[in-house]
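Encoded as structure tokens, the structure appears first; notes follow it.
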């Protein structure tokens with residue numbers, strides 16, 4: 001019975017942690033994704049996650065936003081001009097605890113110090129060029145926006161879902 005409780009508690013903890021990860025949506029306090037025009041055919045795609053977000057999720061968000069931006073602007077392809085890791089690392093701290101037991105006229109105290117832990121917040125910045133190749137023009141090295149959208153969109157959890 002004790003093992004069933006431990007397994008149930010572990011499963012609930014994993015579900016709770018997953019629920020805290022960054023969802024796909026506009027940039028906010030918990031992360032998100034944004035596309036900012038640099039020129040008429042070049043955009044900076046920024047994606048940020050929180051400490052519960054997997055780095056591959058942020059890669060998916062970046063590529064999905066690039067595909068959406070391409071399609072929204074009436075184009076079919078996008079090329080990644082440059083990419084940069086925009087991940088951040090910070091430290092967290094749990095509080096220490098003090099326990100005192102009294103035996104007769106004597107008090108025994110035990111102090112357990114807090115724990116310092118690392119929080120990794122994944123992030124990525126892409127500079128993408130959107131375009132539609134002309135007849136006979138090569139799109140070598142470029143992504144087909146609709147294929148990227150169709151591949152990534154079904155596995156992305158959106159804000160408010």
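The values are calculated or read from the model by the stated rules, or taken from the named source; none is laboratory data. These numbers come from a predicted model, not from an experiment. Here the Cβ positions follow ideal geometry from the backbone for every residue, glycine too, while neighbour counts run over all protein chains shown.
Laid out as a table, the results:
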item	result
Residue 126 vs. criteria part of a helix (DSSP H, G or I) and touching a helix residue (DSSP H, G or I) at 6+ places or on another chain (Cβ under 7 Å)	no
Test: residue in segment 70-77 that is modelled with pLDDT of 95 or more, surrounded by fewer than 13 Cβ atoms within 10 Å (Cβ to Cβ) and not in a helix (DSSP H, G or I)	yes
Residues located in segment 44-64, provided they are crowded, with 23+ Cβ neighbours inside 10 Å and either without any contact (Cβ under 8 Å) to a residue 40 or more places away in the chain or more than 15 Å from residue 156 (Cα to Cα) (or both)	45
Meets criteria (within 21 Å of residue 27 (Cα to Cα) and either within 16 Å of the chain's Cα centre (by Cα) or surrounded by fewer than 16 Cβ atoms within 10 Å (Cβ to Cβ) (or both)) for residue 133	no
Residue in segment 139-152 that is farther than 29 Å from residue 25 by Cα and free of Cβ contacts under 8 Å to residues at least 40 places away in the same chain present	yes
Every residue from segment 1-32 that is under 13 Å from the mean Cα position of the chain (by Cα) and either modelled with pLDDT of 95 or more or surrounded by fewer than 10 Cβ atoms within 10 Å (Cβ to Cβ) (or both)	26, 29
